[in-house]
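What follows is a short report on a single structure.
The values are calculated or read from the model by the stated rules, or taken from the named source; none is laboratory data. The structure presented is a predicted model; accordingly, all values stated were derived computationally and were not measured. All Cβ positions, glycine included, derive from the backbone under ideal geometry; neighbour counts span all protein chains shown.
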Amino acid sequence: MSNIWHIKNWFRVGHNISWKLNFHTLFGFLYLSYPSDFFYKQSLKKHQFVLDYLKNECSSIIRKYKDIEESTDNPEARRIWILWWQGEETAPDLVKACIRSTSRNTDGAIVTVITKDNVDDFIEIPGYIMEKRAKGWISFAQLSDIIRFLLLEKYGGLWLDSTVFTAKPIPGSYFSYPFFSQHTKWQKTCFVQHNLYHGFIIASRPHAKLVSFAREMFLEYWKNHDTLIDYLMIDYIIMIAYNEFPDIHEEIDGLPYSSERLYDLVHMLDMPYSEDEFNKLCNECIFSKLDWHRKYKIETHGKRTYYAKLLDLR
């Protein structure tokens, strides 16, 4: 997403929601580069503001789901969803490598790449969502968040962002949870989810409570708003469910422990390739979150890089 969109939305947030929130966001973001108690406290203030705002704006949905129990009758769906809007053939080489890596490791699950040409075959996106997307009020990342919950609520399965590299066969157990994500111990970060879950890897049974709740929250919010309160609104919506619904809290806390090395590979892509290190990482970490926006080297100091290795894998 362009920096221009972020700047425009920053002003929309200030004008339509709160300038105070904007400054908490800016200072909280600085924690990534300059960890300090001051910047961390600013991120906490930002989180509380966004959580309270969403809870107030969507209070009827929260009340509704407090009275809904998790269904144990919905069958698991061995489907994998990936989105590349313009079509897989137009994707950058790194995205193509990630999609190939998942296709190699499905263990029988069906992989579907969602595009602008086939999305209507699977789900119905409300007209007001696409209208606000056309006006530039809804970012593409936000549209992607909406699409993932429309798909998971209706069909179930596993959602992977197009920049997730899959190193080995995906366990069938991932499809059996009412909600699944990569889950590590609570960590002090400037992000509201504190690594308890990650929105770019989500699995669910169809019509499960959390994905149904998230779907309604997104649709209700955008029915009444023209401004994205936060780029990672997905994390705030899941955190509201975590805080408000004891059964969802228990589901997330009960997830199997995932590797802390989820983000290691993206920092290794320009380094000289080591088969031993690559195999060690793959054995520890089924998924690795990558970034297609950066340019990577094929060779460094006369040696092939990890990036080159990913492109070579078939």
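Residues considered: Ile202, Ile240. Of these, the only one that is assigned to a helix (DSSP H, G or I), assigned by TED's automatic domain parsing to the domain that holds Gly172 and modelled with pLDDT of 95 or more is Ile240.
Taking the criterion of being assigned to a helix (DSSP H, G or I) and either aromatic (Phe, Trp, Tyr) or in contact with a Ser or Thr (Cβ under 8 Å, 6 or more places away or on another chain) (or both), the residues of the stretch 298-314 that qualify are Tyr306, Tyr307, Leu310. Find the residue count for the stretch 146-181, including only residues that are within 28 Å of Ser43 (Cβ to Cβ) and either at pLDDT below 95 or of a type in the set (Gly, Ala, Ser) (or both). Number of matching residues: 2.
Among the conditions (1) touching a strand residue (DSSP E or B) at 6+ places or on another chain (Cβ under 7 Å); (2) under 30 Å from Pro126 (Cα atoms), Ala214 misses just one, which is (1). The single condition from (1) surrounded by 16 or more Cβ atoms within 10 Å (Cβ to Cβ); (2) modelled with pLDDT under 95 that Met233 fails is (2). The number of residues in the stretch 271-303 being under 19 Å from Ser101 (Cα atoms) and in contact (Cβ under 8 Å) with a residue 24 or more places away in the chain comes to 15.
Here is a yes/no grid of residues against (1) of a type outside the set (Val, Ile, Thr); (2) closer than 19 Å to Leu160 by Cα; (3) in contact (Cβ under 8 Å) with a residue 60 or more places away in the chain; (4) surrounded by fewer than 18 Cβ atoms within 10 Å (Cβ to Cβ):
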| site | (1), (2), (3), (4) |
| --- | --- |
| Phe27 | yes, no, no, no |
| Asp37 | yes, no, no, yes |
| His47 | yes, no, yes, no |
| Cys58 | yes, no, yes, no |
| Tyr65 | yes, no, yes, no |
| Val111 | no, yes, no, yes |
| Lys116 | yes, yes, no, yes |
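Consider Ser274 carefully, then state whether it is over 16 Å from the mean Cα position of the chain (by Cα) and at pLDDT 95 or above. Here the answer is yes, as Ser274 does meet what is asked.
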